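Okay, so here's the structure we're looking at.
Only the coordinates and a few stated rules stand behind these numbers; no lab work does. Being a predicted model, the structure only gives us computed values, none of them experimental. We place every Cβ from the backbone using ideal geometry, glycine too, and count neighbours over all the protein chains shown.
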Amino acid sequence: MDFDDQLRRYFGTADLGAIPPEARAAGTERMRVDFGLEMNPGRRFALWALMYMLGDAPDLDVAFKDAAERNAARDFMDLIDRAAGD
């Protein structure tokens, strides 16, 4: 899943600054629905990661039943948080 492609899919543009609030809310809702329906673990993780980067991810214990997936998500969160701190 390419980041820009996912932004275009859910928000109609790859430019985060150009997304109006109502489009962001609608796109986020579509992501949550797709996340809930997705069966492929890799795609689920990619959707969760995008939602996390946008500040709209569900809590880990809700998003991932598997402990290994929760740990991978925690690692991802740490990497993103460290990168944002630079």
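Things worth noting here:
- Under a model in which nothing but the beta-carbon of Lys, Arg (+1) and Asp, Glu (-1) is charged, the chain shows a dipole of about 200 debye around its Cα centre.
- Order of Leu37, Leu60 under a 10 Å beta carbon neighbour criterion, fewest first: Leu37, Leu60
- The angle between the Cα long axis of helix 67-85 and the longest principal axis of the Cα atoms of the chain comes to about 50 degrees, rounded to the nearest 10.
- A dipole drawn for the chain from +1 and -1 charges on Cβ atoms has a positive end, and of Ile80, Phe35, Gln6 the residue lying farthest that way is Phe35.
- The chain: angle of helix 21-37 to the longest principal axis, Cα-based, in degrees nearest 10: 40 degrees
- Hydrodynamic estimate: the Kirkwood radius of region 3-85 over Cα pairs, inserted into Stokes-Einstein at 4 °C and 1.567 mPa s, corresponds to D of 97 µm²/s.
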